[in-house]
Amino acid sequence: MVKSDRFMAILFIAAGAFLYLWSYRFVQGEDVGLIPPTFFPRMIILALTVCCLLLLFQKNKVTVSFAAPRGVLAGVGLVLGYVLLMNRVGYFILTPLFLFLFSILLGYRRWIPLLLFCIGGTLFAYLIFYSVLAVPLPMGLLES
Amino acid sequence: MIENLLLGIHAISSLSAIVAIIAGVVLGILAGVMPGLSASTGVALLVPFTYGISPLASMLLLVSLYMAGEYGGSITAIAIGTPGTPAAAATLLDGYELTRQGQPGMALGTSVVASTIGGLFGALVLVAFSEPLAKVALSFGAPEYFSLAIFGLTIISSMSGKSLLKGFIAMFLGLLIKTIGLDPFTGTERFTFGVDKLMDGISFIPALIGLFALSEVFVGIEHLKSEITQNAKYSFRIPTLQELAKLWRVILQSSIIGSVIGVLPGAGATITSFICYNEAKRFSGNPEKYGTGCLEGIAAPESGNNAVVGSALIPLLTLGIPGSATAAVLIGALMLHGLIPGPMLFVNHADLVYGIFVGLFVACFFQLLFGLMGIPLWIKIISTPKALLLPAIAAIAVVGAFGTDYSLVDVWIMVAFGILGYILRKYKFPVTPVILALVLGGILEENFRRALIISNGDYSIFFTKPISLALLILAVLSLGSPILIERLTRGDSKS
């Protein structure tokens, strides 16, 4: 078990340091006014760093298992795959597949209701977003 | 006044007006429910369709949609832990907790009643106090807005659970994320890393969907096999009149706060709902019950964010200045029909103006009716097996994020925030301060810098303006009092 508070504090301090250094790359004109564009980000990073240091040296730290369960990682992977392939494959082909695989991953095994849910859910979302609200859902393969 | 109200009643006494109100309420609830949409999006989408109908019916449709949209966001916030609108993020804190305890009906019932009363109060304020409140709106400048944002941020003290320090870390994280994009004064690119879409900054709606909806999916997967999830049974019980009557103080207080803040241009329902939640908790005899599923924690933000609707129309109709983003869209609707908002609107089109006033009251009634009728439906939906519900939420989150600006970059932002939200929740960091910071960060920085430009670098401007000073004092008290009370309580228990 890793002391997660310590890990998170160090992570945020490191991220803050990186962003603080990155702020020197902001391309500014000569006239930046009274408060330059770097002022707020740097002040926030400094405040964040102070809070993280306090957390680092705080007693009664939280200890949580570091690793995410396999199911969560698989879920993240499915969502990433869904988004990556959305433009190429298209909403109508990908969404029922996504719903099907995700439900299987979570242990659902009643096939007829699952099939109805995947197709019905896809059509329902199409009705709301595409037909009523005119959101142009990606067609992907169906477009060609 | 009475004559004008009678004029308004006469104006809406037609089938087309009533149909417009009903349609607006139904569409508003739908817009509020869907993550990725909001009252302002719904109004914006519908404006072009109002071209062919009368000005009064158009405005009744849009204003009813606005009202019901603010309520609609609470439905998904309560039912599945996903705020349908940004303002419902505060409702989620106690609303979703009640659902977890198997009592979604209590939460949904409280939400619709509180929203209705808040909406009625806001409409009353609109009718009775248009003129004086318009003057208040005019007196708010850059220093006042900065101080209001500071006051708003101190609310994290009630959002942080057991660790105020972690709340501050989450807040600063949100403020830092808010700086991504073009600097509003010089156009300098900040933390865009060469990604063109990031020049517009991080879109708020995708971030909200990710932080709440998608992270909830990942957390849900982790707890899927738990006994609690598998044996979850949901009660259809809604609150009794006696239980609702006990909330009168919280609802009245929040409606007043919502009505005042709603008048301020740019303030809006989101900041209002958080302030109302915080103030209800502060003045409560049992502040520790907030966040555990108390009805007050639902009534406060809901009555507040619906009270905003009526008062946001005050600067719009009297001065032509929108009191919220949705009100800004309504200006477009008025102009589409050749109407110019401002004092002359009351003179030349009194029937329209007072028709809107009366229409708001009628919209509240229909909102209550449809809201109560919809409760069994929402409970049925959340009774769906989690193995089906979680993928559905994930899919809606993706489509909802895409629907914001028809861009996959927004979807990636949503996914990134979903993962961030999961990590924060796993390691016991509160998520709400991040959202609060995203809402207020822009107001904070822009008005700070604008105020200093006005004062030529003199920081005393924040302390010499009376409203600004009052807000800063309130901010100190807001942040300091929970810490002081905790120290005093610890001291009492030790002795």
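Side notes on the structure shown:
- Residue check for residue A:114: at the interface with another protein chain (Cβ under 9 Å from one of its Cβ atoms), assigned to a helix (DSSP H, G or I) and at pLDDT 90 or above: yes
- Per this entry, residue B:395 is counted among residues that are more than 30 Å from residue B:2 (Cβ to Cβ) and either at pLDDT 85 or above or in contact with a Phe, Trp or Tyr (Cβ under 9 Å, 6 or more places away or on another chain) (or both).
- Cβ pairs under 6 Å, 6+ apart, first in the stretch A:36-49 and more than 7 Å from every other protein chain (Cβ to nearest Cβ), second outside any helix (DSSP H, G or I): A:38/A:26
- Test: residue B:400 is in contact with a Pro (Cβ under 6 Å, 6 or more places away or on another chain), within 9 Å of chain A (Cβ to nearest Cβ), crowded, with 20+ Cβ neighbours inside 10 Å and not in a loop (DSSP other than H, G, I, E, B): yes
- All conditions in (1) farther than 30 Å from residue A:78 by Cβ; (2) touching a Pro at 6+ places or on another chain (Cβ under 6 Å); (3) at pLDDT below 90 hold for residue B:443, with the sole exception of (2).
- Taking first residues from the stretch B:452-465 that are more than 14 Å from chain A (Cβ to nearest Cβ) and partners that are modelled with pLDDT under 95, the Cβ contacts under 7 Å between residues at least 6 apart in sequence or on separate chains come to B:463/B:469; B:465/B:143; B:465/B:144.
- When we screen B:123, B:114 for residues that are surrounded by 24 or more Cβ atoms within 10 Å (Cβ to Cβ) and modelled with pLDDT of 90 or more, the only hit is B:114.
- Filter result for the condition that a residue is among the hydroxyl-bearing types (Ser, Thr, Tyr) and surrounded by fewer than 24 Cβ atoms within 10 Å (Cβ to Cβ), over B:58, B:13: B:13
- So residue B:438, is it at the interface with chain A (Cβ under 9 Å from one of its Cβ atoms), crowded, with 22+ Cβ neighbours inside 10 Å and in contact (Cβ under 8 Å) with a residue 12 or more places away in the chain: no
- Filter result (assigned to a helix (DSSP H, G or I) and closer than 18 Å to residue B:313 by Cα) within the stretch B:18-45: B:21, B:24, B:25, B:28, B:39, B:40, B:41, B:42, B:43, B:44
- Of the set (1) outside any helix (DSSP H, G or I); (2) more than 8 Å from every other protein chain (Cβ to nearest Cβ), all apply to residue B:447 but (1).
The values are calculated or read from the model by the stated rules, or taken from the named source; none is laboratory data. The structure displayed is predicted, hence computed values, not measured ones. Neighbour counts run over all protein chains shown; Cβ positions are idealised from the backbone, glycine included.
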